[in-house]
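Note sheet for the following structure.
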Amino acid sequence: MRSSSEADRAVEKYADTVRRVCFMHLKNHSDVEDVFQEVFLKYILYDKPFESDAHEKAWLIRVAINACKDIFKSFFRRKVCSFEDIDMEPFYIQEEDRPVLDAVLRLPDKYRNVIYLFYYEGYTAVEIARILNMRENTVYTWLSRGRAKLKEELGGELLD
């Protein structure tokens, strides 16, 4: 189990990243906060050392993605719609980024994950392949197809 100082450092360093990854999947502030807490609880309980800060960040992103997928698998989530889904937006989305973010969020999961990690988090295709446990060429293919879908949806005004 990790110390409270380690947990505080990780929350301070990676909170924004974990929240953005969760929001990309869940699109609901309450669910994001629930998963955020779950991710850092798992971090506290995870007793193996990380090789580096990059490994720690990648581990947190992977845990966040898996926790988001678990939310979608739950019976309650499949049968209920939240009031927050209707009109509320989190404070960290800027209005000028809204059309592109909306287009990214409408992509199928496989494209959305690689596009988000590449453009918003700054990971390389090699790093994304390692984080998502897939081949590097698959990441390149999905990046290319995701860009094409975004370009088509946004009228060609993106990602050249």
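In sequence order, what are the phi-derived ³J(HN,Hα) couplings for region 45-61 according to the Karplus relation 6.51 cos²θ - 1.76 cosθ + 1.60 with θ = phi - 60°, rounded to whole Hz, with x for glycine and proline?
7, 6, 9, 7, x, 9, 5, 7, 5, 5, 5, 4, 5, 4, 4, 5, 5
Given a 1.4 Å probe, how much area per residue of region 107-153 is accessible, in Å²?
For region 107-153, the solvent-accessible area averages 55 Å² per residue.
I want to check the label-to-label distance for residue 34 and residue 144. Put each point 7 Å from Cα in the C-beta direction and report it in nm to one decimal.
4.0 nm
How do 40, 72 rank by accessible surface area computed with a 1.4 Å probe, from largest to smallest?
Correct descending sequence by accessible area is 72, 40.
What list of ³J(HN,Hα) couplings, whole Hz, do you get for region 38-43 from phi and the Karplus terms 6.51, -1.76, 1.60, once you set θ to phi - 60° and write x for glycine and proline?
Working through the residues one at a time gives 5, 4, 6, 5, 4, 4 Hz.
In the structure displayed, which of 27/48; 13/48; 13/151; 48/110 lie more than 23 Å apart, Cα to Cα?
Correct reply: 27/48; 13/151; 48/110.
Restricting everything to alpha-carbon atoms, can you work out Rg to Rh for region 1-67 with a Kirkwood hydrodynamic radius?
Ratio of gyration radius to Kirkwood radius for region 1-67: 0.95.
What does the accessible area of residue 119 come to, in Å² to the nearest 10, when a probe of 1.4 Å is used?
In the full protein context, residue 119 sits at about 90 Å².
Tabulate in residue order the Karplus-calculated ³J(HN,Hα) for region 6-22, using 6.51 cos²θ - 1.76 cosθ + 1.60 with θ = phi - 60°, rounded to whole Hz; enter x for Gly and Pro.
5, 5, 4, 4, 5, 4, 4, 7, 10, 4, 4, 4, 5, 4, 5, 4, 5
Which length gain, in nm to one decimal place, applies between residue 12 and residue 137 when the Cα-Cα distance is subtracted from 0.36 nm times their residue separation?
Extra length from residue 12 to residue 137 when fully extended: 41.6 nm.
The values are calculated or read from the model by the stated rules, or taken from the named source; none is laboratory data. These numbers come from a predicted model, not from an experiment. We place every Cβ from the backbone using ideal geometry, glycine too, and count neighbours over all the protein chains shown. Calculation scope for accessible area: heavy atoms of the full protein, side chains included, ligands and nucleic acids excluded. Shrake-Rupley method; radii C 1.70, N 1.55, O 1.52, S 1.80 Å.
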